[in-house]
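Structure first, then comments.
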Amino acid sequence: MSRKLLGPHNKSVFSPSGAPRRSYDFRSRMNVAKSGYRVFSANSTAACTELAKKITERLGVELGKSVVYQEPNRETRVDVKESVRGQDIFIIQTIPRDVNTAIMELLVMAYALKTSCAKNIIGVIPYFPYSKQCKMRKRGSIVCKLLASMLAKAGLTHIITMDLHQKEIQGFFSFPVDNLRASPFLLQYIQEEIPDYRNAIIVAKSPSAAKRAQSYAERLRLGLAVMHGEAQCSESDMADGRHSPPSVRNSTGHPGLELPWKQQAPFPGIELPMMMAKEKPPITVVGDVGGRIAIIVDDIIDDVEDFVATAEILKERGAYKIYIMATHGLLSADAPRLIEESAIDEVVVTNTVPHEVQKLQCPKIKTVDVSMILAEAIRRIHNGESMAYLFRNITVDD
């Protein structure tokens with residue numbers, strides 16, 4: 001029987017001894033594997049896998065087979081149950097209240113996939129944790145930069161996220177970051193779900209949030225109001241100087257020993273100018289909210305004391321309905337109870353962070369699904385298509 005079956009480049013499938021050439025079949029299988037991709041969830045809790053399931057349903061693929069769990073001593077263990085060699089791997093990680101456990105789950109899974117020879121490892125992290133710690137405060141540290149370095153070391157090659165707290169965070173990474181926007185979904189909710197939204201006014205609860213509020217107001221053709229005064233505590237107003245030198249302590253040391261924390265006199269003839277202390281004016285609302293629907297916009301709603309105080313002031317100024325629109329609904333501590341007891345009529349957030357328990361405690365909390373744009377981002381990255389379609393008419397302030 002003839003054995004002159006030919007493979008690619010006219011090479012025989014069989015070796016001179018008559019045995020099949022394994023290299024031909026191996027290369028064919030590798031080419032098939034490299035063309036695929038897998039989507040995994042790095043969460044150990046069922047509540048955090050809901051977003052991953054919605055994304056995979058839209059993509060028409062199955063969620064990757066893996067097991068993520070905590071050992072009795074709280075160590076994180078990840079077991080990947082299928083081959084990922086030569087494939088694009090997308091890890092979806094939503095961040096619950098236990099932030100540090102979620103970060104370790106993501107790092108361990110990324111490293112497991114890296115050591116399993118995955119071609120590319122893309123993290124889908126809708127809410128990027130520690131994003132508020134992206135500036136130097138006193139003698140603290142920029143934790144967001146540390147986390148970016150950890151993710152790169154673990155093996156991630158790309159990140160998809162949504163509404164970073166500060167756009168400059170993208171510069172912390174040594175690999176590409178696609179910072180998607182939730183504003184189109186929130187704007188659609190305003191237009192479709194808020195009756196008589198044409199009588200609304202967009203409110204920034206502090207001057208630092210004015211750019212985002214202005215963007216919403218311009219797209220909806222509405223007015224703009226800004227809260228300013230003592231009741232507000234903007235993040236940019238936090239002290240970022242150094243308290244140096246420390247206060248003098250009592251000591252019984254040697255009288256000739258000069259203590260390092262004692263105030264040293266300046267050089268003769270040098271007199272540094274004194275910085276005047278900030279004094280905030282009384283609370284004011286720049287803009288007319290009387291007889292209007294007030295819509296407060298922000299990127300994160302976590303501790304709601306500021307939002308509740310802002311709602312009370314807007315009620316006093318004549319606003320008859322108050323909505324809060326935010327991308328990430330962390331809603332920590334007693335946030336649901338405070339919202340339920342406040343003058344706020346509705347809080348609208350996306351499903352970048354799981355908050356089903358908070359919704360059971362407070363019916364005022366509503367959810368907007370953003371899995372559509374995340375699924376489309378995954379599809380475009382895998383196929384090598386441009387991401388420009390997802391940023392149509394998007395500006396830096398959105």
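The values are calculated or read from the model by the stated rules, or taken from the named source; none is laboratory data. Given the structure is predicted, the values throughout are model-derived calculations rather than measurements. Note that we place each Cβ from the backbone using ideal geometry, even for glycine, and neighbour counts take in every protein chain shown. The accessibility values were calculated without ligands, DNA or RNA, using every heavy atom of the protein model including side chains. Shrake-Rupley method; radii C 1.70, N 1.55, O 1.52, S 1.80 Å.
Against the condition part of a helix (DSSP H, G or I), of a type in the set (A, V, I, L, M) and at pLDDT 90 or above, how does residue 225 come out, does it pass?
no
Does the stretch 79-88 include one or more residues that are under 24 Å from the mean Cα position of the chain (by Cα), on the phi < 0 side of the Ramachandran plot and of a type in the set (A, V, I, L, M, F, W, C)?
For the stretch 79-88, residues under 24 Å from the mean Cα position of the chain (by Cα), on the phi < 0 side of the Ramachandran plot and of a type in the set (A, V, I, L, M, F, W, C): absent.
Evaluate the stretch 347-364: report whether one residue or more is among the polar types (S, T, N, Q) and in a helix (DSSP H, G or I).
yes
Consider residue 353 against the criteria (1) touching a Phe, Trp or Tyr at 6+ places or on another chain (Cβ under 9 Å); (2) under 28 Å from residue 159 (Cβ atoms); (3) open to solvent by 30 Å² or more (accessible area, probe 1.4 Å); (4) not small (Gly, Ala, Ser): it satisfies all of them except one. Which criterion is unmet?
(3)
Considering 270, 339, 295, 300, which residue is at negative phi and assigned to a loop (DSSP other than H, G, I, E, B)?
None of the other options fit; the residue is 270.
Here is a check on your reading of the model: is residue 391 aromatic (Phe, Trp, Tyr) and open to solvent by 10 Å² or more (accessible area, probe 1.4 Å)?
yes
Out of all the residues in the stretch 207-221, which are in contact (Cβ under 8 Å) with a residue 60 or more places away in the chain and crowded, with 17+ Cβ neighbours inside 10 Å?
209, 212, 213, 215, 216
State all residues of the stretch 356-372 that are open to solvent by 40 Å² or more (accessible area, probe 1.4 Å), in contact with a helix residue (DSSP H, G or I) (Cβ under 6 Å, 6 or more places away or on another chain) and closer than 21 Å to residue 40 by Cα; if no residue qualifies, say none.
Matches in the stretch 356-372: none.
Identify, by number, the condition in (1) in a helix (DSSP H, G or I); (2) open to solvent by 20 Å² or more (accessible area, probe 1.4 Å); (3) under 25 Å from residue 90 (Cα atoms) that residue 375 doesn't meet.
Unmet condition: (2).
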